[in-house]
Structures are given as structure tokens and as C-alpha cells.
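**Q** Take this structure first; my questions come after.
The values are calculated or read from the model by the stated rules, or taken from the named source; none is laboratory data. Just so it is clear, the structure is predicted and the values come from calculations on it, not from any experiment. Here Cβ is always computed from backbone atoms with ideal geometry, including for glycine, and neighbour counts include all displayed protein chains.
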Amino acid sequence: MFIDLAKITVNSGDGGNGVVAFHREKFVPRGGPDGGDGGKGGDIIITAQPRIRTLLRFRYERKFKADNGGHGSGNNCHGKNAKNINIFVPIGTVIYEEGSDEPLADLNRAGMSAIVAIGGRGGKGNQHYATPSRQIPRFAEKGEPGDSRSLRLELKLLADVGLIGLPNAGKSTLLAALSAARPKIADYPFTTLEPQLGVVGIDDESFVLADLPGLIEGAAEGKGRGIDFLRHAERSRLLLHIVDVSGGFAGEIDPLEAFETVNKEVHQYGEKLQNLPMVVALNKNDLPTAAENNEKMMELLQKEGYPVYPISAATHAGLTELTRVLVAKLKEFEEEKTASDNEKPQRIVVRRAKRDLDISLVDHGVWHVSGSGVERLVAMTDMQSEEGLERLQRTLETRGVFNEMRKRGIKEGDIVVINGIELEFS
């Protein structure tokens, strides 16, 4: 089963807590602080692997959670870092944040990976807070919370040549004639319900040909299976447009109208498809009704600047010439493709989104404060420790958070809610 869309939820691990501890040793009555740091939480990494062909796994497994880092302990012992979780996907998988059309990562080469959720940093032990004026710190830092994301995975096949055309134009027959692929072939429309790949070889050269679900009018808006086809087609370096010049089963299809219908959908989908070079193959020339249409289509399309080749996928007529033309055109783009591949990084790190400080009055005497920096600070503070709360207050004052609150009109005794924690302003 070919699955090319999936939705998953990823949660990286929280960092381990730092610890409050003091050195204990015989004949050393006043050992200093030696609380160790917490370990780092596990990352969630998505990696492209050649052996995987579909996103079928994510139909049954949709939630991925990494372990938390280990807590620190005395004698300067650090907590253990948690193991990362590596999720393998097919080459050509594009990762989106759910609700966004801006890709986080495009894994279009084997071995490319993206850290989509970074594990939380381990909290610092009390050894880090010893100063000449505070020699016995009785507080430590809690671990940083991990990331949580809802992701959408889209597989876009990596094919050199994408076959486009109306249903029943002969795309599957052509793929079977040119390669060892064996797609479903029948004398009714929409026999191809999922993409099919085949490797075409000639004169010691080869390329990957993709037979994709047929288009209908309105495909760019999501009608039929066309939107699936268009997503895969934009990965191709060249489009091969198959037109049935026989007129269909009862001669009811105008070949020129069929050509223009498909081209319209390609142009409406976006610039990526619109800018791809196109070769046109006039198929089914073995049928008696094709001769007149073939001559008219050759003349019209050549005037528009399209390379046009009459073929018959059923009898293999004209396929050798067509294949050599496709190989020659693909070679023109080879240097450009190699140069662009070398510029792409092997690993992409998706950072936490930064949110600015926001202070709002939600009720009489109740204020809500949000922002990635202040929320992270509160989450990593031990609220049971008086010294830890004092440090939090000093840090908020230093960062200008209190000044901003005073400008907004906060008063002594008002309640401040940060990251779900209620604090009294004083």
C-alpha cells in the first residue's frame, strides 16, 4: 500500500533536575556544595532512508516520546543524557508543522535528517551557585521542558520524469513498455490510483519515470486524485505529457481540449510545476482514428514551441526516439542539480519558536505574563525553595519584566500567572 501523507506528534524529553547536595567526607567538616547537573532530554530526529518507500508506518504509530534526562546527584555526579529517537522516512519526505504550509525540512537525499524536537537542557546543580557571599546555596535548577510538535509529513516522489495526462491516456501502458514496472492496465479511466515508479534504460543511460494518478478538470483545487498527482509531479525535472490522439473510446474526446485541460491544472498548481520543461507524446497512433488528430496536434503544438513525438505505447512505435530525447534533456539539468544538492545541509535543526514578552490584565488584580524566555525561567525554578524563588525574582527584575509590569499598572498584592504558576507581586 502506498501511503504518502501522515500526521504525527513528537515530544522530546525533559531535562533532568539539578540537585542540592553538599560534600560529606571524614575530617572535612565543612564540605562545599557538590550537587550535579541533570542530563539532557532525548531529541526526536527524522532521517531519510532509501530502503523505506511509503509512510505506511505512521498509519499505526503516530506518537513519539523521547525519555527524560536523568537527575543529578551528589559528589558532582551528572545525570545521564537520554537516548534520541530516530524516525526513518522515505527520501523525498517534506516536514511541515501542522497548520502551516511553510516546510520545516525537505529530506530529499539519503541520510538527510532534521531534529524536529530538541530535548530539554539539564538543570544546574547547586555547585554552580556558590559565590563568596553565598557559600551554601540551598537551591538547584530544574530541567528544561522538552519540545512538543504536531507534524504533517508529505512524501513527494523523486522521479526524473513525471507522466501527466488525462485518465486513460496510456500512461501506465507507456511505463510498462519502457521499464520493468507492472502497473495496473485496463480499458477504463482511473486505473492508476497511486503513483508507480519504473527505471528506464537506453544506451547505458537510465532515469526514473513516474506514472501518477490521472488529472481531471479542477484537480489543482483538490478534485479527484489530481492533487496527489500534482504534489508528486513537482519533484520531477521534466514532464512528459501523454495525449490520446485517438479521441477516446467513442471519439468523444478532443485531443487539443484534453491537452489544454491538463496544462491549465499544471499552471494553476504553482510556479514549481509551471516552470518545468515539458515534452509531449501523442499516444495511440496505432488506432485508425488517430491519423487526422495526430497531424493537427503536431502542427499546433510545434507552433507553441513544444517538442512533440508521435508514439504508440501498445506497439512500442516511436518509443526509442522518445526515450533518447528524454535522456538528452535530463542531461541538460544534471550539472544544475548536482550544484544545488551540494549546497543543502545534511542535518537541519528546528529551533524552538521564540515568543516575545506579553503582559495582559485578565481579571481585577490578576495579570497573565507569557513569553518563551520568562516561561522557561519559571519552569526551571524550584518553587519549593525560598532561595530559588528569590533568584527568580532577581532575574525577572534584571530582565526588566517588573519594570514592564509597573508601566502597565500592576500593584502590590496583585496576582501574576506565569506558565500556570500563580505568584504574588511584591
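**Q** Anything in the stretch 362-372 that is touching a residue at least 40 places away in the same chain (Cβ under 8 Å) and either among the polar types (S, T, N, Q) or part of a strand (DSSP E or B) (or both)? List them, or say none.
**A** If the condition is that a residue be touching a residue at least 40 places away in the same chain (Cβ under 8 Å) and either among the polar types (S, T, N, Q) or part of a strand (DSSP E or B) (or both), then VAL362, VAL366, TRP367, HIS368, VAL369, SER370 are the ones that fit.
**Q** Same structure, new question: Given the conditions (1) part of a loop (DSSP other than H, G, I, E, B); (2) touching a residue at least 24 places away in the same chain (Cβ under 8 Å); (3) surrounded by fewer than 17 Cβ atoms within 10 Å (Cβ to Cβ), which single one is not true for THR9?
**A** (1)
**Q** Take the stretch 373-399 and flag every residue that is surrounded by fewer than 16 Cβ atoms within 10 Å (Cβ to Cβ), part of a helix (DSSP H, G or I) and in contact with a helix residue (DSSP H, G or I) (Cβ under 7 Å, 6 or more places away or on another chain).
**A** Within the stretch 373-399, just THR395 meets the criteria.
**Q** Could you figure out which of (1) crowded, with 17+ Cβ neighbours inside 10 Å; (2) in a loop (DSSP other than H, G, I, E, B); (3) at pLDDT below 90 isn't true of ALA180?
**A** Among (1) crowded, with 17+ Cβ neighbours inside 10 Å; (2) in a loop (DSSP other than H, G, I, E, B); (3) at pLDDT below 90, ALA180 violates only (1).
**Q** Which residue out of LEU326, LEU361 is modelled with pLDDT of 90 or more, more than 24 Å from the chain's Cα centre (by Cα) and either over 15 Å from GLY420 (Cβ atoms) or of a type outside the set (Ser, Thr, Tyr) (or both)?
**A** Matching residue, one of LEU326, LEU361: LEU326.
**Q** With the structure loaded, tell me whether PHE88 is buried (at least 16 other Cβ atoms within 10 Å of the Cβ) and either at pLDDT below 95 or within 25 Å of PRO145 (Cα to Cα) (or both) or whether it fails that test.
**A** Criteria not met by PHE88.
**Q** Something else: Condition first: loosely packed, with under 14 Cβ neighbours inside 10 Å and either closer than 14 Å to VAL243 by Cα or of a type in the set (D, E, K, R) (or both). Now tell me which residues in the stretch 303-325 satisfy that.
**A** LYS303, GLU304, GLU321, ARG324
**Q** Of all residues in the stretch 57-79, count the ones that are surrounded by fewer than 17 Cβ atoms within 10 Å (Cβ to Cβ) and in a loop (DSSP other than H, G, I, E, B).
**A** Of the residues in that region, 5 qualify.
**Q** Counting just the residues of the stretch 266-302 that are charged (D, E, K, R) and closer than 26 Å to VAL327 by Cα, which one comes out surrounded by the most Cβ atoms within 10 Å (Cβ to Cβ)?
**A** Going through the qualifying residues, I end up with LYS284.
**Q** Restricting attention to the stretch 112-128, which residues are surrounded by fewer than 24 Cβ atoms within 10 Å (Cβ to Cβ) and outside any strand (DSSP E or B)?
**A** Hits for the stretch 112-128 are MET112, ILE118, ARG121, LYS124, GLN127, HIS128.
**Q** If you don't mind, another one. Do we have ASP101 as among the acidic types (Asp, Glu), under 19 Å from the mean Cα position of the chain (by Cα), at pLDDT below 95 and assigned to a strand (DSSP E or B) here?
**A** Spelling it out, it is not the case that ASP101 is among the acidic types (Asp, Glu), under 19 Å from the mean Cα position of the chain (by Cα), at pLDDT below 95 and assigned to a strand (DSSP E or B).
**Q** Of the residues that make up the stretch 129-145, is at least one in a strand (DSSP E or B), touching a residue at least 12 places away in the same chain (Cβ under 8 Å) and not aromatic (Phe, Trp, Tyr)?
**A** yes
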